[in-house]
1. What ranking do 151-161, 223-233 get when scored by the average of other Cβ atoms within 10 Å per residue, highest first?
2. Ranked highest first by the average count of other Cβ atoms within 10 Å around their residues, in what order do 198-209, 120-131 fall?
3. Mind ranking 244-250, 365-371 by how tightly packed they are, going by the mean number of other C-beta atoms within 10 angstrom, highest first?
4. Within the range 46-62, whose backbone N sits under 12 Å from a point 7 Å along Cα→Cβ of residue 223?
5. Considering all alpha-carbon pairs of the range 35-76, what whole percent are spaced by more than 13 angstrom?
6. Pop the C-beta distance of residue 379 and residue 209 into the FRET formula with R0 = 35 Å and round what comes out to the nearest 0.05.
7. Could you compute how much accessible surface residue 169 exposes when probed at 1.4 Å, giving the result in Å² to the nearest 10?
8. Sort the range 219-291 into rounded, prolate or oblate with this rule: let a ≥ b ≥ c be the square roots of the eigenvalues of the Cα gyration tensor; rounded if a/c is under 1.5, and if a/c is not under 1.5, prolate when a/b is larger than b/c, oblate otherwise.
Amino acid sequence: MNSLFSILRHLLFRHPSLREGLGGLFMLILLPAHAQTDSLQTYIKAALRENPEVMARWHAYEAAMEAVCPAGTLGDPELSVNFYPKPMTQVGGRQVLSVSLMQMFPWFGAMKAAKHEKAWQAETMWQRYREGGIQLAYDVEQLWYKMLVTREKLATTREHLRLFKDIGDLAVYKYKSSTNGMKGTRMSDQYRLQAEQLKLEEQVESLESLLKLQQEQFNLLLHRDPASPLVLPDSIVLSEMPIVEWAEIERRSPDLLSLRAQGEQYEAQGEKARRMGLPMVGVGVQYMLNKERTDAMAMPDMNGDDMWMGMLKVTLPIYRHKIKAQRRAAELMKQTADESYLRRADMLRSQLLSIGQRAEDVKRKMTLYRRDMDILSQTLQLMAGEYATGTTTLSDILQTEREQLSYAFSHAEARAQYNMIVAEFEKLASVQMKDEKGGMTHGNQ
C-alpha cells in the first residue's frame, strides 16, 4: 500500500497536471465515511485544491524536492587556460599555451550525506504540507457545523414564532369569549404575546445575519466568491468517533513526523560536516602547446613537441575548529529535535485524553437536553389545553416556551460540539489525510 502511494506521489510531483484529478480521488478514498453529506466532502476537496496557504506549502515541498538531486552531485570541474603573448622558453621548446582541467572529489560518503540532508529537509516540508491540509479540513468542518447550528437555531426560532402566533389566536378567542364566562381572560395577554413575538422576530433577523456572515466566511475559506451558493443539510447528524490506537497516531502524525525528519536532517548534517572535514582529492590533466627553439641549447628529440601531464591535488584540512563547530551544532540541533518530539508526543497524548473526556461529557448533555425537550413539549401541550380552560396563565406558558427554546438551542450546540470534537480527534489522528500522496522516507528518495 505504501509503495502504491509513493508511486502516485511521484506522479503528482513530476506531472502537476495530474494533481487536480487525482486529488479528488484521494479525498474520496481518505475522507471520513461519516461526513454529514456529500456537500461537506466536496467543500473539503475544493478547499484543499484552492486554498492559497495549502498550495504555498505544496510549492515549498516541490522546491525542497528540487534541491535533493543537486546536493548529491559533484562540483563543477575547473578549466584553466594560460596564453603567453611572448612564448616562454623551456628546455623542450617555447611554451605558447597551456590548458588544464581539474575535478575535485569530496571524501567517500560526503555527497551521500549531503543528499540525505536535503531529502530529510524535503520530508519536513512534506509533513508541513500534510499538516496544513489536515488543519484546513478541520477548519472547514468547524465552520460547517457552526453554520448548521445557526441554521437549526433559525428553524427552531421560526417554529416557536409560529407557535406564539397560535397562542395569540387562542388568546383572542378567549378574550372574545370572555362574555360567556371564561376565566383568566386579559387584554394584557395580547400585548405580552406581541412583545414576545417582536423579540423572536428580532432573534430571527439576528440569526439570518449571522448565517449569512458564516456562509461568506466559509466561501472565503474555500478561496472563492463570498456570495457563492452553499448546499446545507437540514439537520446535524452525529458523527461516529473513529477508533485509532496511539501507536497509529504516532506513526502518522505530521507534527511528530516533521520533528523526526528534522532530527534525521541534523544527523545527516553532522555526518556531512565530518566527511567534508576529510581531505578532498583532485584529479586533472594539463596540455602544453610548444614551439621549436632555434638556438643551440634546444634538445633535438623534444624540440617543439606538445606535452601532456597528469595532475593530482589533495586538500589538507588542518583547520579543525570550523568542522568541530559544525558537528557540535548539528548534534545540539538533533538533541533539540528529539526533545521537542518527546514533548509534542506528551501534548498529543494529553489532548487525546481530553478529547475522550469532553466527548463523553457532551454525550451526557445531549441526552439530558433531549429528555428536557420532550418533557417540556408534553408540558406545553397540556398547558395549551389548560390555558383554553383558564387553569393556567400566559406567564407560565411563556416561561415554558423560553425554556424549551433554550434547551433546543443547547441540544443543537451540543450535537455540533460533539461533531467538532470528532473532527478534532480526526485532526489529531490525521484521519483525513493519513496516506495522501504517499509517505516519504529515505527509501523513496
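The values are calculated or read from the model by the stated rules, or taken from the named source; none is laboratory data. Nothing here was measured: the structure is a model prediction, and the numbers come from that model. Neighbour counts run over all protein chains shown; Cβ positions are idealised from the backbone, glycine included. These accessible areas exclude ligands, DNA and RNA; they are computed on the full protein's heavy atoms, side chains included. Shrake-Rupley method; radii C 1.70, N 1.55, O 1.52, S 1.80 Å.
1. Values: 151-161: 18.2, 223-233: 12.5.
Highest mean packing first, the order is 151-161, 223-233.
2. On the way: 198-209: 14.2, 120-131: 23.8.
Descending mean neighbour count gives 120-131, 198-209.
3. On the way: 244-250: 13.7, 365-371: 15.3.
Taking the mean over residues of other Cβ atoms within 10 Å, the ranking is 365-371, 244-250.
4. It comes to 46-60, nothing else.
5. Details: 568 of 861 pairs.
Tail of P(r) above 13 Å: 66 percent of Cα pairs.
6. On the way: r = 32 Å, r/R0 = 0.92.
Computed FRET efficiency for residue 379 and residue 209 comes out at 0.65.
7. 100
8. On the way: a/c = 6.26, a/b = 2.21, b/c = 2.83.
Oblate, because a/c is 1.5 or more while a/b does not exceed b/c.
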